[in-house]
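So the structure is just underneath, and the comments pick up after that.
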Amino acid sequence: MQIAQNRKTVAYVRVSTEDQAREGVSLDAQEARIAAYCAAMGWGVPEVICDAAESAKSLQRPEIAKAIADLCAGGIERVVVLKLDRLTRSVRDLADLIDLFAKHEVALVSVGETLDTSTAAGRMVMNMLGVVAQWEREAIAERTSTALGYKRQRRQVYGHVPFGWRREGNKLVEVPVEQDALTEMGRMDAKGATLRSIGEMLETRGLRPRRGERWAPATVRPMLRSRIAQEAAA
């Protein structure tokens with residue numbers, strides 16, 4: 001593989017929301033800390049690439065894509081991030097990036113975790129951190145799902161009030177006429193009725209959706225598939 005001479009150091013910064021991107025505070029802080037780290041390491045002033053208002057759930061981001069292309073072309077010596085979660089929140093993507101960087105002899109450096117993939121130890125710890133981060137996210141998701149399931153079973157409000165119920169304090173109370181309609185919707189759906197015909201049934205009963213004016217198929221479908229409606233029908 002041909003390695004270009006005078007390859008550059010790149011600082012990658014990212015924020016996930018429009019407000020953060022507009023205010024720029026987080027971006028400036030990331031740039032400043034990375035610049036100070038690079039100066040201390042004797043790497044000079046890095047070229048900054050920025051993905052503003054972009055999620056780290058995937059690598060489908062415009063600036064990281066350009067950086068990867070430049071990396072593959074041999075123009076980058078190292079990529080420096082403030083923390084790993086600025087680069088990616090996916091273990092698979094992190095592993096793929098580490099392999100790609102190693103293939104092109106490019107170091108991935110995290111200032112916050114004090115890690116550098118130019119060393120074997122750095123690569124091992126980087127992978128371990130990524131696995132732990134994904135475990136933490138999945139554990140949070142499981143706890144949230146359990147909590148919502150508990151509230152749903154006890155008919156407690158945890159979001160918008162679904163069709164078939166009304167809110168009384170923190171409780172969901174059944175609305176008989178809407179419950180009858182839900183039962184009929186389930187019966188029609190089981191017989192293969194179209195979403196449009198189910199919507200027409202609701203219209204003839206003088207019922208209105210929680211949002212919007214008419215029972216469009218896109219409004220009927222989530223009602224039929226909602227967990228609380230399915231549990232009520234069971």
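Residues of segment 175-187 that are free of Cβ contacts under 8 Å to residues at least 24 places away in the same chain and in contact with a Lys or Arg (Cβ under 9 Å, 6 or more places away or on another chain): 175, 180, 184. Among the residues of segment 1-42, those identified as buried (at least 18 other Cβ atoms within 10 Å of the Cβ) and modelled with pLDDT of 90 or more are 9, 10, 11, 12, 13, 14, 30, 34, 37, 38.
Would you point out the residue of segment 69-121, among those that are of a type in the set (Val, Ile, Thr) and in a helix (DSSP H, G or I), that is modelled with the lowest pLDDT? Step through it out loud before you land on a result.
Here is the first cut: in segment 69-121, the ones of a type in the set (Val, Ile, Thr) are 76, 79-81, 88, 91, 98, 106, 109, 111, 114, 117, 119.
Imposing the further condition that a residue be in a helix (DSSP H, G or I) reduces the set to 91, 98.
Numbers: 91: 76, 98: 84.
That would be 91.
On the basis of being more than 30 Å from residue 71 (Cβ to Cβ), among the β-branched types (Val, Ile, Thr), in the same structural domain as residue 224 (by TED's automatic domain parsing) and modelled with pLDDT under 85, does residue 173 make the cut? The answer is yes for residue 173.
The values are calculated or read from the model by the stated rules, or taken from the named source; none is laboratory data. Since we're looking at a predicted model, the values are computed, not measured. Virtual Cβ from ideal backbone geometry, glycine too; neighbours counted across all protein chains shown.
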